[in-house]
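Presented below is the structure to which this report refers.
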Amino acid sequence: TLSGLGLVSYSFYLWHELLLRWLSAWIKAVWGAATLPALGMNFALGLPLALAAAVAWFALFEAPFLRARATLRG
């Protein structure tokens with residue numbers, strides 16, 4: 001599982017801030033202010049959401065290019 005996280009770490013890096021900014025704005029609209037429950041909700045929803053986006057991005061975009069690179073190198 002750690003090696004899988006290593007594979008998608010760049011995708012996670014690309015997506016986590018964008019998703020957390022969007023999620024934070026939504027949670028702030030729902031909860032009102034930055035409270036401890038809002039922070040917990042941001043973490044509880046944000047981590048799986050960012051990880052799912054990273055896995056999807058890796059599978060759909062990064063992996064095909066990595067396979068093509070390996071094929072071109074021979």
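Cβ-Cβ distances below 9 Å connect the following pairs, each with a first residue in the range 48-74 that is closer than 21 Å to Trp15 by Cβ, a second residue that is outside any helix (DSSP H, G or I), and a separation of six or more residues or different chains: Leu51/Val8; Ala54/Val8; Val55/Val8; Trp57/Val8; Phe58/Val8; Ala59/Val8; Glu62/Val8. Every condition in (1) open to solvent by 70 Å² or more (accessible area, probe 1.4 Å); (2) in contact with a His (Cβ under 6 Å, 6 or more places away or on another chain) is met by Leu72 except one, and the failing one is (2). Restricting the range 2-41 to residues that are aromatic (Phe, Trp, Tyr) and more than 16 Å from the chain's Cα centre (by Cα), the residue that is nearest to Ala52 (Cα to Cα) is Trp26.
Applying a threshold of 7 Å to beta carbon distances and a minimum spacing of six or more residues, or different chains, the list of pairs starting in the range 2-28 at a residue that is within 14 Å of Ala63 (Cα to Cα) and open to solvent by less than 90 Å² (accessible area, probe 1.4 Å) and ending at one that is among the β-branched types (Val, Ile, Thr) and modelled with pLDDT of 90 or more reads Val8/Val55.
The values are calculated or read from the model by the stated rules, or taken from the named source; none is laboratory data. Model, not experiment: these values are computed from the prediction. Methodologically, a virtual Cβ is constructed for each residue, glycine included, from the backbone with ideal geometry; neighbour enumeration extends over all protein chains shown. Quick note on the areas: whole protein, heavy atoms, side chains included, nothing else; ligands and nucleic acids left out. Shrake-Rupley method; radii C 1.70, N 1.55, O 1.52, S 1.80 Å.
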